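Working notes, structure below.
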C-alpha cells in the first residue's frame, strides 16, 4: 500500500492509497484507458535503445531526458526496480484517416497534459513515483543538454522508450490493449509507484 497523505483524510490507517484508488485517480484525470503494471514486466531492452540511437526524433544526445543522458540501460533498469508497481495510462485519439498528422499531434498533446496532471496529483498526494511518459520531453524549445543543467528538473520527463521499454510488450504483459482499431492512435505512459512503509 502507498501512503498518500492529502489524498484522503490523514492520520490513520485509512490514509493509504491502494492500487485500486490509484487507478481511480488516473481515470479521474481523463485517460481513455488505465491499468495496473506489475514490476516483473518492466524489462529494459537494448533493441529499444538502438531505435533511440537511430535518432528519428532528433532527441538522442540532445536532451537530459533521453539517452544517453537519462542513464544506461542498466541504470534505468536499476532505477525502475526501486519501485513496486505501476499504473499504465493511455489516451486514444480518433483520426480522420491514417495521414491525420494534426489529429496525432492533438492526441499526443492531450496525453502529455493528462500525464502531467496525473503526476501532479500523485506528487501532491505524497506518492513516491517515477513517471515515464510517452514521447520525449517538450517543455523547452531547445534543451540545455549538455551545456547547462535542466531548467525544469521537477517537470521534465523521460519516456518509456528512453528507459528501454518496448511499450507494446509492457501493455501486452499487463493485459492492456495497445491497438484500438483503424484510424486511431494511442499514447501510453507509465507511473511507477514505490510502496511506503
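Going residue by residue through segment 23-37, is there one that turns out to be at pLDDT below 95 and either assigned to a loop (DSSP other than H, G, I, E, B) or within 17 Å of residue 162 (Cα to Cα) (or both)? Let's see the steps before the verdict.
The first filter runs over segment 23-37 and keeps only residues at pLDDT below 95, leaving 23-25.
Applying the additional criterion that residues be either assigned to a loop (DSSP other than H, G, I, E, B) or within 17 Å of residue 162 (Cα to Cα) (or both) yields none.
Within segment 23-37, not a single residue is at pLDDT below 95 and either assigned to a loop (DSSP other than H, G, I, E, B) or within 17 Å of residue 162 (Cα to Cα) (or both).
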Residue within segment 57-74 that is within 20 Å of residue 186 (Cβ to Cβ) and at pLDDT below 95 present: yes
Within segment 113-131, considering residues that are in a helix (DSSP H, G or I) and over 18 Å from residue 90 (Cβ atoms), the one modelled with the highest pLDDT: 120
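Looking only at segment 84-96, decide whether some residue is over 16 Å from residue 194 (Cβ atoms), in contact with a strand residue (DSSP E or B) (Cβ under 9 Å, 6 or more places away or on another chain) and assigned to a helix (DSSP H, G or I). Walk me through how you get there before you give the answer.
In the first step, residues of segment 84-96 are kept if they are over 16 Å from residue 194 (Cβ atoms); the result is 88-96.
Cutting the leftovers down to in contact with a strand residue (DSSP E or B) (Cβ under 9 Å, 6 or more places away or on another chain) gives us 88-95.
Add one more test, that the residue is assigned to a helix (DSSP H, G or I), and what stays is none.
Looking through segment 84-96, none of the residues is over 16 Å from residue 194 (Cβ atoms), in contact with a strand residue (DSSP E or B) (Cβ under 9 Å, 6 or more places away or on another chain) and assigned to a helix (DSSP H, G or I).
So which residues in segment 42-71 are assigned to a helix (DSSP H, G or I), in contact with a helix residue (DSSP H, G or I) (Cβ under 7 Å, 6 or more places away or on another chain) and buried (at least 19 other Cβ atoms within 10 Å of the Cβ)? Walk me through it before giving the result.
Filtering segment 42-71 down to residues assigned to a helix (DSSP H, G or I) leaves 46-53.
Subset that is in contact with a helix residue (DSSP H, G or I) (Cβ under 7 Å, 6 or more places away or on another chain): 46, 49.
Scanning segment 42-71 gives a single hit, 49.
The values are calculated or read from the model by the stated rules, or taken from the named source; none is laboratory data. All values derive from a computational prediction rather than experimental measurement. With ideal geometry, Cβ positions are generated from the backbone for all residues, glycine too; neighbour counts draw on all protein chains shown.
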